Amino acid sequence: MTRTQKTAAVLVALVALIVGLTAHEVLDGKAELNPAELIDAGIILLPQSRTVPAVSMTNQDGEPVVLDQLKGKWSLLFFGYTYCPDICPTTLAQLRQVKRELPKEALERLQVVLVSVDPDRDTANQLKQYLGYFDKNFVGLRGSIADTQTLANALSIPFIPADTSKPGYTVDHSGNLAVVGPDGRQRGFIRAPFNSQKLVARLPALVRRD
């Protein structure tokens, strides 16, 4: 083998090694996320994670839940209610579609959580029935208005409590999602309106990280 051939062989080996290491980092979740690509998908990561208040709520099965119990998975928290005429069913339908298109590895590390801003009407049974129309694995939570506001304000996704004395009242709330990491701390937001295909493309890289 000539010197030129040896040099070329070494270069090929180095390139293969670099490509292999890069692929391993991406698959292992250690590669750096591209902020521009995340922002393009509406995913905004915080410079520093935030503490999530350990408020107590109940889920759609009537079981007590402390927000710390959401640890272990990436959680997308949406503040809405089952009597919502527009934004809530649209958002949940989009999240159902996103989940259907995500790879299995991403699905196992992700959960969608609806936090009710209308606990007077959103009983456990109502939440369970409503979420069942979209995805039986969606989690529904309800608590006092005070605790729900504490949580929403801490996550910077506030809502305006409704005047429940008015028949057929509606609740003003945001369409954004709070992104909570597997450590139970808020990592960022997903801005509404959502682009489902871009979320499908970017969420797997995000939820591979701890």
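Put a dot 7 Å past the Cα of Lys73, heading toward its Cβ, do the same for Asp61, and the two dots end up 1.2 nm apart. Ranked by how many other Cβ atoms sit within 10 Å of their own Cβ, fewest first, the residues Lys99, Lys198, Lys104 fall in the order Lys104, Lys198, Lys99. By other beta-carbon atoms within 10 Å, ranking Val66, Val112, Val200 with the fewest at the front produces Val66, Val200, Val112. What shape does the range 125-210 take by its C-alpha gyration tensor, where a ≥ b ≥ c are the square roots of the eigenvalues and a/c under 1.5 counts as rounded, a/b above b/c as prolate, and the rest as oblate? Note, shape of the range 125-210 comes out prolate. The GluC sites (Glu not before Pro) of the range 94-172 that meet both conditions, a loop assignment by DSSP and at most 15 other Cβ atoms within 10 Å of the site Cβ, are Glu108. So who's got an amide H within less than 5 Å of the one on Leu110, skipping anything under 5 residues away but keeping other chains? H placed 1.01 Å off N, in plane. The answer is Trp74. Backbone geometry of the range 124-137 corresponds, through the Karplus equation with coefficients 6.51, -1.76 and 1.60 at θ = phi - 60°, to 3J(HN,Hα) couplings of 4, 5, 5, 4, 5, 5, 5, 5, x, 5, 9, 7, 5, 8 Hz, x marking Gly and Pro. Amide H contacts of Asn176: Ala192, each under 5 Å away and 5 or more positions distant or on a separate chain (H built 1.01 Å from N in the peptide plane; Pro and chain starts excluded).
Taking packing as the residue-averaged number of other Cβ atoms within 10 angstrom, the listed peptides 88-95, 128-135 run from highest to lowest as 88-95, 128-135. For Ala54 paired with Arg209, estimate the spin-label separation in nm (one decimal), with each label point 7 Å from Cα along the Cα-to-Cβ line. The answer from the label model is 2.6 nm. In terms of other Cβ atoms within 10 Å, Val52, Val117 run from fewest to most in the order Val52, Val117. Given axes a ≥ b ≥ c from the Cα gyration tensor, I'd like to know whether the range 32-109 is rounded (a/c under 1.5), prolate (a/b larger than b/c) or oblate. In terms of gyration-tensor shape, oblate.
FYI, it's all coordinate maths here, none of it is from the lab. Note that the structure is predicted; figures quoted are calculated from it, not measured. Cβ: placed from backbone, ideal geometry, glycine included. Neighbour counts: every protein chain shown.
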